[in-house]
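The values are calculated or read from the model by the stated rules, or taken from the named source; none is laboratory data. None of these values were measured; they are calculated from a predicted model. So basically every Cβ, Gly included, is an ideal-geometry build from the backbone, and we count neighbours across all protein chains shown. The accessibility values were calculated without ligands, DNA or RNA, using every heavy atom of the protein model including side chains. Shrake-Rupley method; radii C 1.70, N 1.55, O 1.52, S 1.80 Å.
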Amino acid sequence: MLATAGSAIGLGNVWKFPYMAGEGGGSAFVLVYLACAGLVGVPLMMTEIMLGRRSQCNPVNAMARLAREAGSSARWSAVGAMGIFTGVLILSFYSVVAGWMLDYLVRCVTGGLDGITAEQAQARFAGFLADPRRLLVWHSVFIAMTVIVVARGVTQGLERANMIMMPALGAILIVLLGYGAVEGNMGRAAKFMFSPDFSKITPSVVLSAMGQAFFTLSLGMGAVMTYGSYLQRGVSIARTTFAVAAADTIVALLAGLAIFSIVFAHGLAPASGPGLVMQTLPIAFGNMPGGRVAGALFFLLVTFAAWTSSISLLEPATAWLAENTRLSRVQSSLTTAGPAWLLGIAVALSFSDWKGFSVFGLGIFDLLDYLTSNILLPLGGLLIAAFAGWVMREAHESDELGLNALAFGAWRFTVRYFSPVAIILIFLNVTGLLPRFG
Ligand code: TRP
């Protein structure tokens with residue numbers, strides 16, 4: 001459970017959620033995100049854990065084994081393979097963003113943020129992005145951190161550290177909220193995030209909110225499945241899922257409130273994009289009493305949260321190689337991290353030297369972000385739900401999930417009908433193949 005919480009809570013909560021909410025019109029995005037997380041995310045997380053625990057192996061072999069057990073085609077393993085690929089793609093830009101946190105950790109400690117104004121914070125971040133060498137150093141450091149843990153196989157020490165680090169992250173977010181309440185504009189932040197404005201719900205907001213639900217809960221690529229394979233029998237899958245989803249959502253909402261309080265107090269734009277966190281929080285840390293310590297602690301804890309997440313991005317691919325080839329864990333993790341590192345170089349350069357390069361109007365960073373969150377993860381989730389709903393034997397599922405009849409029926413309904421249909425409708429809607437809602 002700790003490992004799954006560690007996987008879920010990461011940059012998705014602190015970095016991605018606020019910037020996506022800012023771009024998606026605030027409350028419109030938040031409400032759809034909450035609905036997606038609860039109605040699609042929670043049942044799907046239960047499904048992934050169940051599939052992993054029943055099969056006891058990496059996603060590729062898990063899908064093949066379970067499909068055969070149900071008398072179906074082993075080609076279902078393609079879902080696992082797609083997940084492994086998706087994980088490597090995500091890791092490539094995830095690591096670059098984690099590098100931002102490392103850089104700002106150092107800046108904070110050395111007093112580089114002291115007394116910073118909103119304009120300076122924006123300029124500093126822009127200057128940082130324009131310096132690919134610096135981005136690359138941190139990206140490489142973070143990939144190395146990830147490989148070191150994944151190569152050693154057991155993540156026990158890290159999981160235990162989670163027990164201190166996660167609550168500490170919650171505590172520091174509360175400190176930030178305190179700053180936001182005193183110096184920021186928390187009233188407007190709360191209004192922006194929670195007062196319903198259905199007019200802003202467009203097909204693309206719905207898609208990005210669903211994508212965010214998958215991203216932040218680590219769903220749709222077999223990460224949770226892989227961790228499920230390490231989960232002891234006897235532990236309640238439903239309870240684990242609820243605890244993880246609740247903690248993950250709380251962290252995201254706290255981060256969002258703190259950041260938007262600063263955004264509105266300084267007249268910044270909520271839709272500032274991926275740099276939003278780096279342009280707002282330094283103002284708080286640079287100007288609050290004890291800000292150097294608080295800021296250093298914050299960036300340290302976020303780096304840690306990102307670390308326990310990146311491990312779960314690399315673990316499925318590594319487990320797959322180690323379980324199917326003669327490569328050792330060390331060799332497997334280096335083989336899978338290599339492509340992520342290389343692609344990450346392109347991501348880092350896409351902010352400066354390679355800025356002009358774009359596909360469908362998106363730069364490399366935005367393209368990878370969009371492709372993984374909004375397409376590959378929901379598609380993986382759709383296939384995983386369909387597999388559980390239509391292929392796997394019901395008796396095996398109820399045996400593994402251990403729910404009462406009512407809860408099992410509800411779960412089964414969502415994976416069989418609700419989630420696949422919802423995901424397909426959202427896809428069709430955004431492509432304009434359906435009459436648009438909203
Ligand atoms: N959930 C993590 C976060 O919010 C990122 C992450 C880790 C992830 N493993 C994943 C996202 C698997 C999608 C799939 O930072």
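In the chain, with Lys and Arg counted as +1 and Asp and Glu as -1 at Cβ, which of these residues, Gly10, Gly380, Ser229, has the Cα nearest the positive end of the dipole, that is, farthest along it?
Farthest towards the positive end: Ser229.
So for the pair Val293, Ile250, with labels modelled 7 Å out along Cα→Cβ, what separation do we get in nm?
Placing both labels 7 Å beyond Cα along the Cβ direction yields 2.5 nm.
How large is the dipole of the stretch 31-155 about the Cα centre if only Lys and Arg carry +1 and Asp and Glu carry -1, each at its Cβ, rounded to the nearest 20 debye?
It comes to approximately 500 debye.
Would you work out the charge dipole size for the stretch 234-378 about its Cα centre, treating the Cβ of every Lys and Arg as +1 and the Cβ of every Asp and Glu as -1, and quote it to the nearest 20 debye?
On the way: 5 positive and 6 negative charges, 47 e Å.
Dipole size: approximately 220 debye.
Exactly which trypsin sites (Lys or Arg not before Pro) in the stretch 358-438 are in a DSSP loop and have at most 16 other Cβ atoms within 10 Å?
Numbers: sites: Arg393, Arg412, Arg416, Arg436; in loops: Arg393, Arg436.
Here the trypsin sites (Lys or Arg not before Pro) that fit, given the DSSP loop and packing criteria, are Arg393, Arg436.
Apply the Karplus parameterisation 6.51 cos²θ - 1.76 cosθ + 1.60, with θ equal to phi minus 60°, to every residue of the stretch 37-47 and state each ³J(HN,Hα) to the nearest whole Hz, in sequence, with x for glycine and proline.
5, x, 8, 9, x, 4, x, 6, 5, 4, 5
Step through the residues of the stretch 190-195 one at a time and calculate ³J(HN,Hα) from phi using the Karplus curve (6.51 cos²θ - 1.76 cosθ + 1.60, θ = phi - 60°), rounding each to whole Hz and writing x for Gly and Pro.
Values, residue by residue: 5, 5, 4, 7, 10, 7 Hz.
Per residue of the chain, what 222 nm ellipticity follows from adding -39500 (n - 2.57) for every DSSP H run with n ≥ 4, rounded to the nearest 500?
After summing the helix terms and dividing by residue count, I get -23500 deg cm²/dmol.
Return the equivalent ellipsoid semi-axes of the stretch 239-391 as a descending list in whole Å, where each equals the square root of 5 times an eigenvalue of the C-alpha gyration tensor.
32, 22, 20
Could you point to the residue in Leu173, Met278, Val42 farthest towards the positive end of the chain's charge dipole, with +1 and -1 charges on the Cβ of Lys/Arg and Asp/Glu respectively?
Comparing the listed Cα positions along the dipole, Val42 ranks first.
Rounded to the nearest 20 debye, what is the charge dipole size of the stretch 2-430 about its Cα centre when +1 sits on each Lys and Arg Cβ and -1 on each Asp and Glu Cβ?
Dipole magnitude for the stretch 2-430 comes out near 520 debye.
Set the Förster distance to 45 Å, then compute FRET efficiency between Ile174 and Arg133 from the Cβ-Cβ distance, nearest 0.05.
It comes out at approximately 0.80.
Efficiency by 1/(1 + (r/R0)^6): what FRET value for Gln120 and Phe194, r their Cβ-Cβ distance, R0 = 35 Å, to the nearest 0.05?
It comes out at approximately 0.70.
Pop out the carbon and sulfur fraction of the accessible area of the chain as a percent, whole number, probe 1.4 Å.
The nonpolar share, carbon plus sulfur, comes to 66 percent.
Among the chymotrypsin sites (Phe, Trp or Tyr not before Pro) within the stretch 222-274, which fall in a DSSP loop and have no more than 16 other Cβ atoms within 10 Å of their own Cβ? Could you put the intermediate results ahead of the total?
Details: sites: Tyr227, Tyr230, Phe242, Phe260, Phe264; in loops: Tyr230.
Here the chymotrypsin sites (Phe, Trp or Tyr not before Pro) that fit, given the DSSP loop and packing criteria, are Tyr230.
Accessible area per residue of the chain at 1.4 Å probe, in Å²?
Details: 16490 Å² over 438 residues.
The answer is 38 Å² per residue.
Can you report the principal axis dimensions of the chain using only the alpha carbons, biggest first, rounded to whole angstrom?
65, 50, 43
Label Asn324 and Ser73 with points 7 Å out from Cα along Cα→Cβ: what is the distance between them in nm?
Spacing of the two 7 Å Cα→Cβ label points: 1.7 nm.
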